[in-house]
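Worksheet for the structure shown next.
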Amino acid sequence: MQYIPDSPNAEEFINDREIRESIAYAEAHGNDRELVESILEKAALCKGISHREALVLLECRDPELQEKIFLLAKEIKKKFYGNRIVLFAPLYLSNYCVNGCVYCPYHAKNKSIRRKKLTQEEIRNEVIALQDMGHKRLAIELGEHPVMNSIDYVLESIKTIYGIKHKNGAIRRVNVNIAATTVENYKKLKEAGIGTYILFQETYNKQNYEQLHPTGPKSNYAYHTEAMDRAMEGGIDDVGIGVLFGLETYRYDFAGLLMHAEHLEARFGVGPHTISVPRLCAADDIDTADFKNCVPDDIFRLMVAVIRIAVPYTGMIVSTRESKSSREKVLELGVSQISGGSRTSVGGYVEEEKEEENSAQFDVTDRRTLDEVVEWLLKQGYVPSFCTACYREGRTGDRFMSLVKSGQIANCCLPNALITLKEYLCDYASASTRAAGLPLIEKELADIPNERVRMRAGKYLEEIDEGKRDFRF
């Protein structure tokens, strides 16, 4: 079967032979200084590089060349995303699932996990708890179950979430991570006003995928892999892709991930809005010792840097699967979104469950509160952002990507980040976080180059002190 990037056929745009030949090429040329430097020279134009070129950089083990890779990743991150870090939280609605995924505790045969599905009133209580932390952006998560977790339940839940206004809190963007579905259902999600549709491939190796997913609807490799195409056809133009690193060799899934991004660009003219890079971790009856491909920290760091170089426009997400130390190392290299104060159990925000009542999908490593995460970011010189303005202003899909690729998005993003940070500091922050944040806002405001934007942002910041909320550029 041929490699055809713009094909609608999963096995053509994620082509096994192309991946294996690219890996072999990279292994043979990863320390070819002249080749590596030529790829970096091309990448410095900020137009991206191919999956094969990216594999060469990932294979490079020369310390001097690696340092050049890291430096370029930092420069590209700064150019496209500045020092802003967007914050969000996952909201688990239900862990009922009919699939047999061997790496996930939601699998249908697991009898030890506590099954739970939130009622609309329970969702309301969870959302209020999240609003009281300061969150404005959620990603709803649930297992695949045609009866317990129907599309109607998902749509009703989205309506409930958007309808809750508590004190100064409001969820302004609901991203959705649900199982692969039909074009018709994607149209319904679009009409419900979702932000990004997120679906992880888990692994792009078809043979391994089928072994890891022996039963249930998710066992259909092609249907799952082609889900983003159907989402695009259904009108959802912001999609988020990712794999679970550790299920397959990191080189294979790294190549597949970038080929998926190339496919979306080739077929729809819009690449992924986000790329997530979760690593396999323990949960309930899942032991990481059962898997042989877990990614070491040094490779993970290099992988984040090369993804940023290869797909400069995309947002990159690292969740609380990663430790504080791990997240700190990759923030400057490419990550632009992180979760904070996360709970991966169903109903875990209202009341954190006891260990013996576990309903979580995976163990959280970074267990800090949202405020602790915000203060940590501030003290490192980052601007924590709760912004959702682009989606609400219709800057999605190709419109968003054209702004990002041209660098013009910075004229919106920094003032919006400062405005939402000021809201957080006024409404939710501890005294120490507020003390760290207010001077940073003044410093960043002064650095906005466009005088008109700077003056308008300053006015909004003053009005937030007066009790007004929800300004945006």
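The values are calculated or read from the model by the stated rules, or taken from the named source; none is laboratory data. Since the structure is predicted, the reported quantities are computational estimates derived from the model, not experimental observations. Quick reminder, even Gly has a Cβ in these numbers, built from the backbone with ideal geometry, and neighbours come from all protein chains shown.
Cβ-Cβ contacts under 6 Å between residues 6 or more apart (or on different chains), taken from a first residue in region 180-201 that is in the same structural domain as Tyr162 (by TED's automatic domain parsing) to a second residue that is in a helix (DSSP H, G or I) and among the acidic types (Asp, Glu), are listed as Val183/Glu233.
The numbered conditions (1) within 23 Å of Glu202 (Cβ to Cβ); (2) in contact with a Lys or Arg (Cβ under 9 Å, 6 or more places away or on another chain); (3) free of Cβ contacts under 8 Å to residues at least 40 places away in the same chain are all true for Tyr162 except (1). Taking the listed residues Thr225, Thr249, the one that is among the hydroxyl-bearing types (Ser, Thr, Tyr) and either without any contact (Cβ under 8 Å) to a residue 60 or more places away in the chain or under 24 Å from Ala192 (Cβ atoms) (or both) is Thr249, with no other qualifying. The lone criterion from (1) touching a residue at least 60 places away in the same chain (Cβ under 8 Å); (2) touching a Gly at 6+ places or on another chain (Cβ under 7 Å); (3) assigned to a helix (DSSP H, G or I) left unmet by Tyr106 is number (3).
For Ile171, the requirement of being β-branched (Val, Ile, Thr) and either surrounded by fewer than 22 Cβ atoms within 10 Å (Cβ to Cβ) or out of contact with any Asp or Glu (no Cβ under 9 Å at 6 or more places or on another chain) (or both) is met. Among the residues of this structure, Glu463 counts as one that is at pLDDT 95 or above and either more than 27 Å from the chain's Cα centre (by Cα) or not acidic (Asp, Glu) (or both).
Matching residues to (1) free of Cβ contacts under 8 Å to residues at least 60 places away in the same chain; (2) part of a loop (DSSP other than H, G, I, E, B); (3) surrounded by fewer than 19 Cβ atoms within 10 Å (Cβ to Cβ):
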position: Ala54; (1), (2), (3): no, no, no
position: Leu58; (1), (2), (3): no, no, no
position: Arg61; (1), (2), (3): yes, yes, yes
position: Glu64; (1), (2), (3): yes, no, yes
position: Lys68; (1), (2), (3): yes, no, yes
position: Ala73; (1), (2), (3): no, no, no
position: Lys78; (1), (2), (3): yes, no, yes
position: Ile85; (1), (2), (3): no, no, no
position: Ala89; (1), (2), (3): no, no, no
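Of the residues making up region 70-118, those that are among the β-branched types (Val, Ile, Thr) and more than 22 Å from the chain's Cα centre (by Cα) are Val98, Val102, Ile113. Scanning region 155-167 for residues that are buried (at least 20 other Cβ atoms within 10 Å of the Cβ), aromatic (Phe, Trp, Tyr) and at pLDDT 95 or above turns up nothing. The lone criterion from (1) within 25 Å of His107 (Cα to Cα); (2) at pLDDT 90 or above left unmet by Cys294 is number (2).
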